[in-house]
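Q: Okay, handing you the structure first.
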Amino acid sequence: MRIGTLLVTLTTVLAISFLVKLGLWQLDRAAEKQALFDDFAAAQAQADELNFQPLFAMNEEPERYQPVQVTGQFADDYLLLDNQVYQGKVGYHVIGLLRTEQRPELVPVNLGWVPVGLDRTKLPQLELPTDVLTVKGWFYQPNTDGFSLAKRIVESNGPPWRIQQLDSAAIGDALELPIATNVVLLSEAEAYGWPRSWQPQVMSPEKHQAYALQWFSLALALLIVVLLVRRSITKTKKEGT
């Protein structure tokens, strides 16, 4: 086999393999997103039954979006999770830090969305509940990946403290406070807090599946083209002999 033919064959195999790999990755993402939506739907069904379980009474870590409740009092200072979109507008998620008697760590509670305003240098000054209360909401493990508007996770301009990710270790180090690794998303039914909707705002599984089909189709089309070209070359060589 000539070197040129070998290189073309190798390049084709690599290209097809790459396209198939992209398709499989999209299918994996579709499965992840489907699990996310399924978990949320299951949580809503439990919430309809008012089945909010005490967080610290559980023997094992709750499932994602599982209804939980925790009693405590919010610290004076709070966090503002940057780059959050609600109804097409950009703002912050207000993260209250709940002190409890059961654990030394402060439990982050997402209280909802507030607009960023016209001047990013001026942070929203908000009033959190001051009484001891029982917070009801959804258990969630924050995702520390994603877009960031600043190099530092915790900006040194607080309080309140603007953060780019709900990274408990980084926040704890910056504020010298013990921060729990999970967060409670305040139930939409609670009267306090700010506007919120915890329906997953991510690409649907169907779109990922459609992208996977596109990648697989490109791989198939490339394979067919290569086979037709090779067939044509072979036929030309036979006619020339």
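The values are calculated or read from the model by the stated rules, or taken from the named source; none is laboratory data. Worth saying up front: this structure is predicted, and the values here are computed from it rather than measured. Positions of Cβ are generated from backbone atoms using ideal geometry, with glycine treated the same way; all protein chains shown enter the neighbour counts. The area values use the complete protein model at the heavy-atom level, side chains included, leaving out ligands, DNA and RNA. Shrake-Rupley method; radii C 1.70, N 1.55, O 1.52, S 1.80 Å.
Q: Need pairs with beta-carbon distance below 6 Å; first residue aromatic (Phe, Trp, Tyr) and within segment 124-141, second not in a loop (DSSP other than H, G, I, E, B); sequence gap 6+ or separate chains.
A: Within 6 Å, the pairs are TRP138/ALA43; TRP138/LEU185; PHE139/VAL68; TYR140/VAL183; TYR140/LEU185.
Q: Applying the selection to segment 85-94, what residues are open to solvent by 40 Å² or more (accessible area, probe 1.4 Å) and part of a strand (DSSP E or B)?
A: Answer for segment 85-94, where residues must be open to solvent by 40 Å² or more (accessible area, probe 1.4 Å) and part of a strand (DSSP E or B): VAL85, TYR86, LYS89, VAL90.
Q: Right, here's the next one. Within segment 45-52, is even one residue touching a Phe, Trp or Tyr at 6+ places or on another chain (Cβ under 7 Å) and open to solvent by 10 Å² or more (accessible area, probe 1.4 Å)?
A: The answer is no; no qualifying residue exists.
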